[in-house]
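Heads up, the thing below is written out as structure tokens.
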Amino acid sequence: AATNENDVAAKEVGDFADEPFSMTATSVGYDPYLGRTCTGRIHSGWISSGDDVALLRRRSEDGSDNDASNNSGGGGPTSQVSGVFANRGASRAPLDPPTAHAGDIVTLTGVPESMAVGDTLTAADVEKRVPRAVDTPPLAPPTLSCLFGANSGPLSGQEGTIVASGRVRERLVRETDNNVTLSVEKCESDSEKTEVLGRGELQIGILVEQMRREGYEMVVMPPRILTTLCPTTGDKLEPYEEVVVDVDAEYSGTVVNALTGSRRRGVLVEMADDSRGKTRMTFDAPSRGLLGFGPEIAAATRGTAVMHHCYIEDRPHAGSIITGSDRGKLVSNETGKATLFALESLSARGTLFVAPGDAVYPGMVIGENSKSGDLEVNPVRAKATSNMRTQAKDEKLYLPPPRRRSVEELIGYMAEDEVIEVTPKSVRLRKAELDSGVRERAARVRKKQLDALKRQGG
């Protein structure tokens with residue numbers, strides 16, 4: 001029986017090797033010496049260095065070709081393969097002889113410049129090419145977007161080397177070469193900003209961390225969930241995701257209360273316990289309700305919760321969602337270095353985000369207020385000097401360590417009137433409008449608008 005199975009397997013491999021060459025791109029890149037590179041698994045046929053190849057675009061979800069040239073006699077862009085490499089750990093080694101067959105995972109150089117993840121390479125000769133692009137798994141659409149812009153704060157250019165908005169946009173566009181799930185568009189309302197469409201705050205946070213380590217400075221605006229309109233009814237639709245949470249059984253009620261109800265509009269679909277004291281829960285929740293949910297549930301379950309979520313479909317709008325904290329922010333009203341004397345007195349008013357010696361400026365969020373509403377504070381106030389010496393005056397000051405938040409946490413935490421200022425050395429949260437007077441007038445206008453809407457609804 002084992003011999004027969006081996007014969008069948010060998011026959012299948014041979015059949016694929018005799019078919020026309022086709023290979024789908026799993027990842028693409030660029031080498032300054034070798035040009036555009038493409039890594040993937042050869043689906044059928046074989047390829048050698050010096051062969052001419054043609055590009056076939058990925059097929060859309062409805063089965064149609066995204067590029068009309070796929071069905072034309074000339075096909076898509078063509079090029080000549082300049083090298084065939086095998087991946088050896090983190091490096092590439094050229095094949096000798098430079099030939100690969102069906103089933104091999106290789107990297108090709110010299111592929112067309114417009115090659116993208118999911119596209120198919122085939123022979124340039126019309127008689128030896130595959131009739132259509134190889135089917136690849138459909139991509140989940142983006143669920144949220146964030147605006148990226150140049151750092152316009154008072155500390156701009158002091159910690160990073162790349163600060164211009166044009167350079168930031170170029171880097172974001174380059175990211176789409178290999179990250180097929182990310183889209184970059186120009187902002188229609190502000191030409192200096194760039195809109196990035198992704199599949200959650202984690203993906204956006206990873207991109208921002210990569211850029212800041214490369215020396216970029218930027219600001220990130222609050223996330224916006226992408227909605228559509230139903231073509232038949234005209235109703236507003238929003239993305240829904242399947243959320244799977246594994247947690248200790250004692251915290252299962254905490255997870256259910258946090259994700260369901262009017263707070264996040266999630267629905268419990270399935271719940272199962274195992275013999276190890278763990279509970280697995282499956283929810284259907286709108287993407288809006290998942291903003292900031294990861295850090296919140298990790299703190300509530302003492303780090304025992306493991307969460308995974310993926311896109312399901314667009315469904316009717318779930319209504320208003322109460323996300324974020326009901327507490328206000330502690331906002332600096334002075335410029336300078338934060339002092340231990342000032343922060344020690346402010347620590348009684350809430351949770352601090354800065355430590356003594358950190359640079360602050362007016363409009364920068366330095367902590368979370370223990371009460372609702374924002375509070376203007378002075379974190380640079382120094383202790384008054386005098387000739388008096390008493391035990392009470394000279395007692396030692398104690399300050400709890402500041403709470404540092406990552407970019408991913410801040411994306412789900414920041415309010416609508418705030419932005420994240422990212423530099424290679426710091427991640428700061430600040431108000432979009434640094435002038436406190438302008439912020440107060442805007443708050444009064446918003447309050448009047450809300451009161452008018454409530455009167456209309458009543």
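The values are calculated or read from the model by the stated rules, or taken from the named source; none is laboratory data. Just so we're clear, the structure is a prediction, and the values are computed from it rather than from any experiment. Note that we place each Cβ from the backbone using ideal geometry, even for glycine, and neighbour counts take in every protein chain shown. The protein model used for the area step is the full one, side chains on, heavy atoms only, and it has no ligands, DNA or RNA in it. Shrake-Rupley method; radii C 1.70, N 1.55, O 1.52, S 1.80 Å.
Beta carbons closer than 6 Å, at least 6 apart along the sequence or on distinct chains, pair a first residue in the stretch 273-302 that is under 18 Å from Glu408 (Cβ atoms) with a second that is open to solvent by less than 30 Å² (accessible area, probe 1.4 Å) and of a type in the set (S, T, N, Q) for Ser287/Thr143.
The residues in the stretch 175-196 that are open to solvent by 80 Å² or more (accessible area, probe 1.4 Å) and in a helix (DSSP H, G or I) can be counted, and the count is 0. Residues that are basic (Lys, Arg) number at least 1 in the following strands (runs of 3 or more DSSP E) confined to the stretch 292-355: 306-316, 329-332. Within the stretch 110-128, the set of residues being open to solvent by 20 Å² or more (accessible area, probe 1.4 Å), assigned to a loop (DSSP other than H, G, I, E, B) and among the acidic types (Asp, Glu) comprises Glu113, Asp125.
If the condition is being on the phi < 0 side of the Ramachandran plot and loosely packed, with under 15 Cβ neighbours inside 10 Å, then the stretch 318-339 contributes Ser320, Ile322, Ser325, Asp326, Thr335, Lys337. Where strands (runs of 3 or more DSSP E) fall entirely within the stretch 197-281, those with at least 3 residues that are at negative phi, buried (at least 21 other Cβ atoms within 10 Å of the Cβ) and in contact with a strand residue (DSSP E or B) (Cβ under 7 Å, 6 or more places away or on another chain) are at 218-220, 236-248. Can you find even one residue in the stretch 288-295 that is crowded, with 19+ Cβ neighbours inside 10 Å, under 18 Å from Ile225 (Cβ atoms) and of a type in the set (A, V, I, L, M)? Looking for residues that are crowded, with 19+ Cβ neighbours inside 10 Å, under 18 Å from Ile225 (Cβ atoms) and of a type in the set (A, V, I, L, M), one finds at least one in the stretch 288-295, hence yes. Can you tell me which residue in the stretch 1-54 is modelled with the highest pLDDT, limited to those that are hydroxyl-bearing (Ser, Thr, Tyr), open to solvent by 30 Å² or more (accessible area, probe 1.4 Å) and more than 23 Å from Thr136 (Cα to Cα)? The extreme case among them is Ser49. For the stretch 74-97, indicate whether the set of residues that are in contact (Cβ under 8 Å) with a residue 60 or more places away in the chain, of a type outside the set (A, V, I, L, M, F, W, C) and either open to solvent by 70 Å² or more (accessible area, probe 1.4 Å) or part of a strand (DSSP E or B) (or both) is non-empty. No, there is no match, as no residue in the stretch 74-97 is in contact (Cβ under 8 Å) with a residue 60 or more places away in the chain, of a type outside the set (A, V, I, L, M, F, W, C) and either open to solvent by 70 Å² or more (accessible area, probe 1.4 Å) or part of a strand (DSSP E or B) (or both).
Results for (1) at pLDDT below 90; (2) closer than 28 Å to Phe148 by Cβ; (3) of a type in the set (S, T, N, Q), shown as yes or no for each residue.
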position: Ile420; (1), (2), (3): no, yes, no
position: Leu429; (1), (2), (3): no, yes, no
position: Arg441; (1), (2), (3): yes, yes, no
position: Lys447; (1), (2), (3): yes, no, no
position: Leu450; (1), (2), (3): yes, no, no
position: Lys454; (1), (2), (3): yes, no, no
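A single member of Pro154, Pro131, Pro141 is under 23 Å from the mean Cα position of the chain (by Cα), in a loop (DSSP other than H, G, I, E, B) and of a type outside the set (A, V, I, L, M, F, W, C), and it is Pro141. Per this entry, Leu172 is counted among residues that are assigned to a helix (DSSP H, G or I), at pLDDT 90 or above and open to solvent by less than 30 Å² (accessible area, probe 1.4 Å). Only residues that are of a type in the set (S, T, N, Q) and closer than 28 Å to Gly200 by Cβ were counted in the stretch 306-365, giving 4. The residue that is nearest to Gln158 (Cα to Cα), among those in the stretch 392-437 that are open to solvent by 50 Å² or more (accessible area, probe 1.4 Å) and without any contact (Cβ under 8 Å) to a residue 24 or more places away in the chain, is Lys396.
Of everything in the stretch 342-381 that's over 19 Å from Ala415 (Cβ atoms) and open to solvent by 70 Å² or more (accessible area, probe 1.4 Å), which residue is nearest to the chain's Cα centre (by Cα)? Within the stretch 342-381, the match that is nearest to the chain's Cα centre (by Cα) is Ala348. Selection of first residues in the stretch 108-135 that are in contact (Cβ under 8 Å) with a residue 40 or more places away in the chain and more than 24 Å from Asn87 (Cβ to Cβ) and of second residues that are among the hydroxyl-bearing types (Ser, Thr, Tyr) and open to solvent by 20 Å² or more (accessible area, probe 1.4 Å), restricted to Cβ pairs under 7 Å at least 6 apart or on distinct chains, gives the following pairs, ordered by first then second residue: Ala124/Thr78. Restricting the search to the stretch 187-201, which residues are under 29 Å from Asp31 (Cβ atoms) and at pLDDT 90 or above? Matches in the stretch 187-201: Thr194, Val196, Leu197, Gly198.
If the condition is being in contact with a helix residue (DSSP H, G or I) (Cβ under 9 Å, 6 or more places away or on another chain) and among the hydroxyl-bearing types (Ser, Thr, Tyr), then the stretch 231-259 contributes Tyr240, Tyr251, Thr254.
Applying the condition of being touching a helix residue (DSSP H, G or I) at 6+ places or on another chain (Cβ under 9 Å) and among the charged types (D, E, K, R) to the stretch 159-196 and asking which residue is nearest to Glu217 (Cα to Cα) yields Arg171.
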